[in-house]
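A short write-up of the structure that comes next.
The values are calculated or read from the model by the stated rules, or taken from the named source; none is laboratory data. Bear in mind that the values here come from a model prediction, so they are computed numbers and not experimental data. So basically every Cβ, Gly included, is an ideal-geometry build from the backbone, and we count neighbours across all protein chains shown.
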């Protein structure tokens with residue numbers, strides 16, 4: 001190939017120059033405009049580079065949101081089921097779901113830390129102004145309350161119907177339900193009360209979205225455990241209706257700050273998640289209440305609500321990369 | 001007790017990056033790579049876990065400003081050394097769940113590296129995109145305002161190394177006054193877009209590092225109206241409480257029927 005020094009060498013050089021240009025173009029900074037001599041005009045950002053830092057959270061955090069939500073809402077279901085005198089097996093299963101969730105959550109939270117061995121540093125302060133701190137203490141309280149409630153519940157099931165144990169059971173379930181509600185809701189505040197444009201703009205909708213996902217998710221898990229009863233069906237329908245309405249709301253909010261919900265990878269995931277947890281699950285539930293269809297609806301909702309937590313994190317990453325969306329949001333307010 | 005501040009002046013900066021070097025050396029901040037960006041002479045790009053001073057290079061089609069020799073088009077080249085703003089109400093400090101981020105006696109915001117467990121919440125609550133987690137270390141880092149030097153009566157390394165007094169260090173009120181006077185003086189000399197970037201009116205409640213700039217704050221990636229995310233807490237929690245009550249109501253109704 002290289003026997004002729006004239007033409008192939010010249011050709012190779014041109015190709016090499018193309019290669020160099022391509023490599024240079026590919027190594028251009030993320031968000032930056034291409035050389036040569038980019039200039040900053042009017043109220044443009046600094047060469048289109050991001051103003052904010054993208055969230056550093058990895059796959060563990062959205063999974064924690066998902067499991068924590070289901071666990072928290074399961075404790076609520078357990079309390080209400082017991083209040084209305086439902087079968088003990090339902091209460092017991094719901095409490096087990098809550099406790100298992102509470103046991104798994106810290107694993108993911110700790111795994112996501114930059115220094116996991118220092119997780120106890122979280123417990124040296126309690127700060128009401130930090131949703132992260134509130135969340136840690138809520139998770140700790142929830143675990144404790146759920147454990148006590150379940151322990152008392154198991155004792156009662158084995159015939160220890162002492163008034164003290166019954167009292168402890170009720171106290172445990174009430175506190176578990178209360179902390180469980182906060183556990184399912186605070187994650188929306190955790191994202192909403194940040195400098196991230198798409199999160200902070202949607203700070204009122206985020207708790208609603210996460211609570212709806214937790215509500216339908218907890219009912220779905222109980223259905224998959226065999227409790228194909230009217231209440232779980234009704235909760236599943238209502239949660240899917242709320243998901244549908246929220247999906248419509250997010251789709252119609254065409255502000256630049258919501259661009260990550262309408263464009264790119266995060267939007268694709270967000271829409272798929274919204275359709276699965278919203279209209280998808282809803283249609284399945286309205287079509288038939290045969291057990292296989294209800295299980296399918298539960299799986300559809302659970303998968304959608306899990307994906308939507310990831311989509312929110314991806315949307316946050318995309319939002320942090322967009323300086324113009326941040327500027328527009330701040331100029332308006 | 002004196003409250004410390006930085007006044008960084010774009011009209012005095014020559015873009016030498018001595019502040020970046022001095023900061024790295026004094027604070028033993030590790031190298032964090034370099035890319036040839038093609039964005040003027042800025043190959044640092046932004047503040048980060050291992051970049052606590054960042055010299056910006058703005059090429060602008062504007063007539064008033066330091067001119068490049070022998071150009072016919074309106075053109076100016078502006079430099080500015082960016083730094084952590086040490087907010088009056090700091091998003092990172094409020095959000096930190098370990099108490100690792102604290103307010104020092106000179107009014108600055110400091111990350112205690114022996115406490116930080118790298119939860120990453122400060123990264124998303126800083127309205128200026130300053131603090132970040134160092135990937136190979138796991139903890140969050142940012143400008144310390146050379147608290148170690150200040151405790152010994154020394155001025156921060158960047159201010160000490162600055163050859164043009166573009167980075168001035170001193171008492172907060174005194175520097176604020178000096179900054180106002182500087183902007184007034186610049187405008188009288190024909191720099192009509194000279195201004196002070198010192199967000200006082202928003203929830204960040206003033207900063208301990210403010211900047212004399214030419215042009216719009218956005219050109220320097222400065223948020224026009226930065227908010228400490230604590231300002232969003234009330235509306236977010238109100239929604240959370242209402243929605244949680246509704247969710248509980250839905251469960252009650254479902255089991256009542």
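Among the residues of region B:92-110, those that are facing chain A (nearest Cβ under 8 Å) and assigned to a helix (DSSP H, G or I) comprise B:94, B:95. Restricting to region B:187-231, and then to whatever is more than 15 Å from the chain's Cα centre (by Cα) and buried (at least 22 other Cβ atoms within 10 Å of the Cβ), can you tell me which residue is farthest from residue B:61 (Cα to Cα)? Filtering region B:187-231 for residues that are more than 15 Å from the chain's Cα centre (by Cα) and buried (at least 22 other Cβ atoms within 10 Å of the Cβ), the one farthest from residue B:61 (Cα to Cα) comes out as B:229.
Any idea which of A:222, A:228, A:178 is more than 7 Å from every other protein chain (Cβ to nearest Cβ) and without any contact (Cβ under 8 Å) to a residue 40 or more places away in the chain?
Answer to the check: A:178.
Checking each residue in region A:75-104 for being surrounded by fewer than 17 Cβ atoms within 10 Å (Cβ to Cβ), farther than 16 Å from residue A:179 by Cα and out of contact with any helix residue (DSSP H, G or I) (no Cβ under 6 Å at 6 or more places or on another chain) picks out A:85, A:87, A:88, A:89.
Within region A:150-175, the set of residues being within 14 Å of chain B (Cβ to nearest Cβ) and buried (at least 21 other Cβ atoms within 10 Å of the Cβ) comprises just one member, A:173.
In this structure, is residue A:292 within 14 Å of another protein chain (Cβ to nearest Cβ) and surrounded by fewer than 18 Cβ atoms within 10 Å (Cβ to Cβ)? Lay out the reasoning, then the answer.
Details: within 14 Å of another protein chain (Cβ to nearest Cβ): no; surrounded by fewer than 18 Cβ atoms within 10 Å (Cβ to Cβ): yes.
So residue A:292 does not fit the description; no.
Quick check on residue B:193: is it at pLDDT below 95, within 28 Å of residue A:331 (Cβ to Cβ) and in contact with a strand residue (DSSP E or B) (Cβ under 6 Å, 6 or more places away or on another chain)?
Working: at pLDDT below 95: yes; within 28 Å of residue A:331 (Cβ to Cβ): yes; in contact with a strand residue (DSSP E or B) (Cβ under 6 Å, 6 or more places away or on another chain): yes.
Considered against the rule, which asks whether it is at pLDDT below 95, within 28 Å of residue A:331 (Cβ to Cβ) and in contact with a strand residue (DSSP E or B) (Cβ under 6 Å, 6 or more places away or on another chain), residue B:193 comes out as yes.
Checked against the criteria, residue B:89 does not count as within 14 Å of chain A (Cβ to nearest Cβ), out of contact with any helix residue (DSSP H, G or I) (no Cβ under 8 Å at 6 or more places or on another chain) and in a loop (DSSP other than H, G, I, E, B).
Restricting attention to region B:211-226, the residues that are within 14 Å of another protein chain (Cβ to nearest Cβ) and either assigned to a strand (DSSP E or B) or free of Cβ contacts under 8 Å to residues at least 40 places away in the same chain (or both) add up to 8. Report yes if some residue within region A:108-119 is at the interface with chain B (Cβ under 7 Å from one of its Cβ atoms), part of a loop (DSSP other than H, G, I, E, B), in contact with a strand residue (DSSP E or B) (Cβ under 9 Å, 6 or more places away or on another chain) and closer than 29 Å to residue B:227 by Cα; otherwise report no. So far as region A:108-119 goes, yes, one or more of its residues are at the interface with chain B (Cβ under 7 Å from one of its Cβ atoms), part of a loop (DSSP other than H, G, I, E, B), in contact with a strand residue (DSSP E or B) (Cβ under 9 Å, 6 or more places away or on another chain) and closer than 29 Å to residue B:227 by Cα.
Among the criteria (1) at pLDDT 70 or above; (2) part of a loop (DSSP other than H, G, I, E, B), the one residue A:4 does not fulfil is (1).
Exactly one residue among B:195, B:182, B:178 is over 25 Å from residue B:104 (Cα atoms) and away from every other protein chain (no Cβ under 14 Å), and that residue is B:182.
Residues that are closer than 26 Å to residue A:326 by Cβ, at pLDDT 95 or above and more than 10 Å from chain A (Cβ to nearest Cβ) occur in region B:111-128; there is at least one. Only residues that are touching a helix residue (DSSP H, G or I) at 6+ places or on another chain (Cβ under 8 Å) and more than 7 Å from chain A (Cβ to nearest Cβ) were counted in region B:227-245, giving 3.
Here's the yes/no breakdown for (1) modelled with pLDDT of 95 or more; (2) part of a helix (DSSP H, G or I):
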site: A:12; (1), (2): no, yes
site: A:16; (1), (2): no, yes
site: A:19; (1), (2): no, yes
site: A:45; (1), (2): yes, no
site: A:51; (1), (2): yes, no
site: A:63; (1), (2): yes, yes
site: A:69; (1), (2): yes, yes
site: A:73; (1), (2): yes, yes
